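Notes for the one structure printed next.
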Amino acid sequence: MRVLGIETSCDETSAAVVEGDGAHATLRSLVILSQDVHRVFGGVVPEIASRAHLTAIAPVTRRALDDAAMVAAEIDAIAVTNAPGLVGALLVGLSFAKGLAASLGVPLIGVHHMEGHLFATALEDAGASPPFTALLVSGGHTLLLDVPAWGVYHLLGATRDDAAGEAFDKVAKLLGLPYPGGRHVEALAKSGDPTRLHFARPMLNRGQRPGDDDYYDLSFSGLKTAVLYAVRAAESRGTLDEERAHIARGFQDALVDTLAEKSLRAANQHGRTRIVLGGGVACNCALVEAIRERAAARLGTGAAVFAPGPRLATDNAAMIARAGLFRLARGEASTPDLNAYPSQPIPGLVAAVPQPAPTR
Ligand code: KG4
Ligand code: ZN
């Protein structure tokens with residue numbers, strides 16, 4: 001089955017073709033057009049994003065078909081992100097997908113953007129398949145899941161305030177770095193001294209036990225405020241230029257330590273040896289390395305950590321096509337009244353099953 005994926009939930013217009021069955025899939029083409037215009041404003045402006053999607057969606061889709069050496073008539077189904085995201089932006093991709101599906105007479109499937117992120121790594125490495133622990137870290141969401149099978153998602157924890165990517169972007173702004181700031185903070189942190197600033201690890205202490213509300217939950221707004229105070233203190237000393245890299249390093253170390261520890265707790269408690277990362281913050285090498293090191297030390301031989309390459313970690317239509325393929329293979333399809341939603345739970349999301357105390 002050949003699925004055309006369409007993604008317009010935020011500031012990337014993307015189309016991709018994926019071919020396979022529910023279990024295996026190959027990426028035939030992927031086109032991503034990033035809207036640079038938002039840099040000027042230091043964040044995504046929804047109205048501008050919608051209008052930019054409108055002019056880009058047709059040529060981006062045509063290019064994805066050309067790159068796959070296909071014509072539209074060879075597509076078997078269309079998968080489109082319909083939640084969560086900016087509604088005006090989602091509606092552009094959704095309306096386009098509906099029109100194309102109707103004109104081709106093929107099924108349409110609405111895909112949850114975060115389920116897409118969950119499937120991204122599997123496109124590069126078939127080993128990134130359930131059962132696994134999932135850490136989804138993007139600009140809008142931070143979720144820790146136990147995934148016993150595709151389509152079955154046990155929610156273990158989530159951020160109570162800012163998403164991990166949002167924290168990177170806000171800290172980048174405080175440090176005078178461009179938007180989106182994650183990769184700039186990571187680059188700056190490389191030259192920072194890890195011993196200069198120690199920020200408290202948010203929502204992380206030794207007294208936490210499985211079953212406690214804060215055992216898996218995350219929070220980054222306090223850390224961001226701590227960075228703000230550090231920046232102000234350095235400014236008042238007139239040493240901000242020398243300290244910028246140390247602040248970036250201290251912030252990244254605190255965030256990484258928290259995410260890595262909570263991911264390991266989840267894998268350990270549910271007996272998983274695989275950890276799969278997704279979302280833009282999964283591009284962060286310090287995060288991936290920290291989780292790899294701890295998984296090797298604490299999950300034993302056979303431990304494996306999967307992180308998508310940068311093109312599939314950040315927003316793209318390949319992951320949407322892949323998740324859509326899984327749902328279509330199960331016989332699911334959306335009706336023509338499919339709508340767009342700013343927020344919605346991932347389909348198949350259920351409360352976590354209580355587990356016995358960890359053994360390792
Ligand atoms: O998944 P994504 O492309 O979009 C959303 O669905 O939100 O994630 C974008 C986020 C931004 O906040 C960006 O700063 C962050 O991913 N990001 C990074 C890195 N590369 C992108 N954060 C930390 N380190 C990176 N190398
Ligand atoms: Zn995303």
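Selection within the stretch 125-143: residues that are away from ligand 1 (no atom under 16 Å from the Cβ) and of a type outside the set (S, T, N, Q). The member of this set that is nearest to L299 (Cα to Cα) is F132.
Residues of the stretch 285-314 that are within 12 Å of ligand 1 (Cβ to nearest atom) and in contact with a strand residue (DSSP E or B) (Cβ under 6 Å, 6 or more places away or on another chain): A307 alone. Here A23 clears all of (1) modelled with pLDDT of 95 or more; (2) surrounded by fewer than 16 Cβ atoms within 10 Å (Cβ to Cβ) except the condition numbered (1). Just so you know, in the stretch 172-181 the residues that are in contact (Cβ under 8 Å) with a residue 12 or more places away in the chain and out of contact with any Gly (no Cβ under 6 Å at 6 or more places or on another chain) include one that is nearest to H246 (Cα to Cα), and it is L175.
Within the stretch 158-180, the set of residues being open to solvent by less than 30 Å² (accessible area, probe 1.4 Å), part of a loop (DSSP other than H, G, I, E, B) and either under 25 Å from I275 (Cα atoms) or among the β-branched types (V, I, T) (or both) comprises D162, A163.
The condition of being in contact (Cβ under 8 Å) with a residue 60 or more places away in the chain, open to solvent by less than 50 Å² (accessible area, probe 1.4 Å) and within 16 Å of ligand 2 (Cβ to nearest atom) holds for A134. If the condition is being touching a Gly at 6+ places or on another chain (Cβ under 6 Å) and either over 17 Å from S263 (Cα atoms) or not in a loop (DSSP other than H, G, I, E, B) (or both), then the stretch 125-157 contributes L136, V137, G139, L144, G151, V152, Y153. Here G88 meets each of (1) assigned to a helix (DSSP H, G or I); (2) touching an Asp or Glu at 6+ places or on another chain (Cβ under 9 Å); (3) open to solvent by less than 20 Å² (accessible area, probe 1.4 Å) with one exception, condition (3). Can you find a residue that is within 28 Å of D212 (Cβ to Cβ), more than 16 Å from ligand 2 (Cβ to nearest atom) and not assigned by TED's automatic domain parsing to the domain that holds R330 anywhere in the stretch 160-167? Yes - at least one qualifying residue is present in the stretch 160-167.
Considering the stretch 271-360, the qualifying helices (runs of 4 or more DSSP H), each wholly inside and each with 2 or more residues that are touching a Gly at 6+ places or on another chain (Cβ under 8 Å) and outside the structural domain of S138 (by TED's automatic domain parsing), run over 317-329. Scoring E115 on the criteria (1) charged (D, E, K, R); (2) modelled with pLDDT of 95 or more; (3) open to solvent by 10 Å² or more (accessible area, probe 1.4 Å) leaves a single failure, condition (3). The lone criterion from (1) out of contact with any His (no Cβ under 7 Å at 6 or more places or on another chain); (2) closer than 30 Å to S221 by Cα left unmet by G85 is number (1).
The values are calculated or read from the model by the stated rules, or taken from the named source; none is laboratory data. Note that the structure is a prediction, hence the values are computed from the model and not measured. Positions of Cβ are generated from backbone atoms using ideal geometry, with glycine treated the same way; all protein chains shown enter the neighbour counts. Surface accessibility is based on the protein's heavy atoms, side chains included, excluding ligands, DNA and RNA. Shrake-Rupley method; radii C 1.70, N 1.55, O 1.52, S 1.80 Å.
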